[in-house]
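So the structure is just underneath, and the comments pick up after that.
The values are calculated or read from the model by the stated rules, or taken from the named source; none is laboratory data. It should be emphasised that the depicted structure is a prediction, and the values quoted were computed from it without experimental measurement. Cβ coordinates were reconstructed from backbone atoms using ideal geometry, including for glycine residues, and neighbour counts include every protein chain displayed. Heads up: the accessible areas ignore ligands, DNA and RNA and are worked out on the full protein's heavy atoms, side chains in. Shrake-Rupley method; radii C 1.70, N 1.55, O 1.52, S 1.80 Å.
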Amino acid sequence: MKLLAILWLNLLASHPKPAVMQAQADTVKLQSYQEVVATAVKNNPTLAVYQQQIKQTHYNYKASKGFIYPNASANFNGTDNLHLAVTPIPGILLGQPGTTYYAQFGKQFIYNTGVTLTENIFDWTSILQSQIANNNIRLNQLQQDSYLQNLRDQAGKYYFSALIAKSALKIVATDKLLADSIVALTKQRLKEGTTDLLAVNQATINTTNIQQNQAQSQQLYDQSIENLKILLGEQPTNELAVAETLNLDSLVSVGIPNLGNDKNLDVYQQQISIAALQSRSQRSTAYPKLSASAYFGAQQFRNDFGLSFGNNAWSGYRYLGVNLTVPVFTGFTNSNKYKSALVQKNIAQIQYNNARQQSEINDRLLLKSYTDYLHMAQAAATSFKLYGSNLKLNQQKYQEGILSMDIYLRAFQDYLTAENAYLNSLSQLLSTRSTLLSRQ
């Protein structure tokens, strides 16, 4: 059946609890497209991951601003000079000319303790890295918006697919009753000798074809429902049921949905901004860095192993310092990294330009396709109704003996063909409508 193939091609082309009314403890009725999308936005598990990622980027941004504040660290260390260095001293200094005296200076055991403070006065690289972290927050938010757009589209496609499958099952049920009545009638006439076995076989074939269509429609319905469970965050054991009934006239009356901005393009734009900051950050590695430091501590010197906390046991040791670092030569590493960052910025710009151009073309085609599919669905619905009416008239003529079995079966085949055309047109129309609604 072509219906199943076309429906699933439409679904796969876009591959991402409704405000619900509980009918039973484990059954959730899907009342409308709006409620399905609202619940997907509320309960979708992947969307919850995006929200956690945004929260994570907020913490990363706060961490990147740590360079603004001074850093303080406390330390304690002890040193055992196992063998002190020897310094040769001219003997004349000690009243012994012509000799050399080898002296040892210092104590065997040295202890240091204190607090070190450091503060970045000028560090342009840290400033730009903080700006990048801030822009990553915005990037994650835009990626979430892009996923929301795709989620609405995907949830809508699955919901409309289930809705069409439900309508198909209803139509097929009527077709089956009609086909069964034809089989019974042909078998009766075979007994009466007014028809042959060929007519009975053909009528039976029609019945089995309808059974196949029914099984395929049921499969499509089940697959759409199970995929909706994933998007809506439903438990596997819960049952979903489509409560809405498809009405082509209502679709025609609402007109063409407005086409909003494509959220995917915002992600590309933000990536360009981040790439620009990254190139500036890489260039800033060649800038001087200025920092200040201070140490407030004490030292203790001993000839024997031990540690004293008595008066005058410790000697003060304090200093203030300023550190200026100017990169002179880094083996062209920073230069090549800066050039690489510029290339990445160009790549981001090219990707955005291509995505924008494709989006504009796709949007034009989307609006045209929706209008075309709407006209096709209206025409297919009219033909389907007319073929159904003709089938009933032919059935009456066949029962009255006015019409031959061959002509009647041909009318039945035409009716089934019109049915498939109608359902296929609805599938294409609603798939396109889902994409339009996701952009609102």
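A few remarks follow.
- For region 119-127, the count of residues that are modelled with pLDDT under 90, crowded, with 17+ Cβ neighbours inside 10 Å and more than 30 Å from Thr245 (Cα to Cα) is zero.
- Condition check for Leu248: open to solvent by less than 50 Å² (accessible area, probe 1.4 Å) and within 26 Å of Pro45 (Cβ to Cβ): no
Listed here are the residues, each with its yes/no results for (1) in a strand (DSSP E or B); (2) loosely packed, with under 13 Cβ neighbours inside 10 Å; (3) over 25 Å from the mean Cα position of the chain (by Cα).
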{"position": "Gln270", "(1), (2), (3)": "no, no, no"}
{"position": "Ala275", "(1), (2), (3)": "no, no, no"}
{"position": "Leu290", "(1), (2), (3)": "yes, no, yes"}
{"position": "Tyr295", "(1), (2), (3)": "yes, no, yes"}
{"position": "Gly310", "(1), (2), (3)": "no, yes, yes"}
{"position": "Ala313", "(1), (2), (3)": "no, no, yes"}
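- Selection over region 191-206 of residues that are surrounded by 15 or more Cβ atoms within 10 Å (Cβ to Cβ) and modelled with pLDDT under 90 gives a count of 6.
- Residue in region 53-65 that is over 30 Å from Leu231 (Cβ atoms), aromatic (Phe, Trp, Tyr) and under 47 Å from the mean Cα position of the chain (by Cα) present: yes
- Taken over region 210-231, the criterion of being more than 30 Å from the chain's Cα centre (by Cα) and buried (at least 16 other Cβ atoms within 10 Å of the Cβ) is satisfied by Ile210, Asn213, Gln214, Gln216.
- Qualifying residues in region 256-268 (those that are under 24 Å from the mean Cα position of the chain (by Cα) and open to solvent by 40 Å² or more (accessible area, probe 1.4 Å)) - the one modelled with the lowest pLDDT: Asn258
- Apart from one condition, Lys55 fits all of (1) assigned to a helix (DSSP H, G or I); (2) open to solvent by less than 80 Å² (accessible area, probe 1.4 Å); the exception is (2).
- For region 391-401, the condition holds for at least one residue, the condition being that it is open to solvent by 80 Å² or more (accessible area, probe 1.4 Å), of a type in the set (D, E, K, R) and not in a helix (DSSP H, G or I).
- Some residue of region 165-178 being among the basic types (Lys, Arg) and surrounded by fewer than 16 Cβ atoms within 10 Å (Cβ to Cβ): yes
- The number of residues in region 124-146 being closer than 14 Å to Leu265 by Cβ and under 11 Å from the mean Cα position of the chain (by Cα) comes to 4.
- Condition check for Gly78: closer than 30 Å to Asp304 by Cα and either open to solvent by 70 Å² or more (accessible area, probe 1.4 Å) or modelled with pLDDT under 95 (or both): yes
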